[in-house]
Amino acid sequence: MSIQAECAALQKIPMFHEVDIAKLRLFALSGQRMSYEAGDVIFRENDPPEAIYVILEGTVDVIKEAEGHGVRLAQIGEGNMFGETGVLCDQARTATIEAATPVTVIQIDRYTFNEVARDVPQLTLAIAKELARRVESMNRQFAARADA
């Protein structure tokens, strides 16, 4: 995929709509395109937060270790980002990410991501909204399980 195609793919992601094309180009140029097969682990819970990932193709499972086995919390796909919580909060990964299907991502190192986030307040706000949406979704899931 060319740099222009990667920029176009990034621009389709709602949280990147307000990001200047030059900043997206920085992501595309500094980012590393990675491909994983179904079942491959992209990172594990408690790993250090070295990068964020944007899904170009495919889906991944978000898995939390509980009582000695993994519990799938969510499945996310094309146009979504993961790994931003650890990078933004400078904390270890809170879940394991495993490819559910063959998946292609752009891996953006934490330093580049933080530099762009500082320069683009709209990006930080969009990420905060997405994280709040995820918390609300998990709250609904836990409430549904408690009622079952």
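Bear in mind that the values in this text are calculations on the coordinates, not laboratory data. What you are looking at is a predicted structure, and each value in this text was computed from that prediction instead of being measured. Note that we place each Cβ from the backbone using ideal geometry, even for glycine, and neighbour counts take in every protein chain shown.
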- Which of the aspartates and glutamates could a cross-linker bridge to Lys64, judged by Cα under 15 Å and excluding same-chain residues fewer than eight apart? Glu45, Asp47, Glu98
- Do the sum for the chain: with -39,500 (n - 2.57) for every DSSP H run of n ≥ 4, divided by all residues, what is the mean residue ellipticity at 222 nm, to the nearest 500 deg cm²/dmol? -13000 deg cm²/dmol
- How big is the charge dipole of the chain about its Cα centre, in debye rounded to the nearest 20, if each Lys and Arg gets +1 on its Cβ and each Asp and Glu gets -1 on its Cβ? 320 debye
- Item | Karplus (6.51, -1.76, 1.60) ³J(HN,Hα), θ = phi - 60°, over region 76-88, in Hz, Gly and Pro reported as x | 10, x, 2, x, 10, 10, 9, x, 6, 4, x, 5, 5
- Message: Starting from 0.36 nm per residue, how many nanometres of slack lie between Glu57 and Lys129 once their C-alpha separation is accounted for?
- Response: 23.6 nm
- Message: Can you tell me the orientation of helix 21-30 relative to the chain, as the angle in degrees between its alpha-carbon axis and the longest Cα principal axis, to the nearest 10?
- Response: 70 degrees
- Query: Which entry in [x] 140; [y] 116; [z] 107 matches volume of the Cα convex hull per residue in Å³ derived from the coordinates of this structure?
  - Reply: [z]
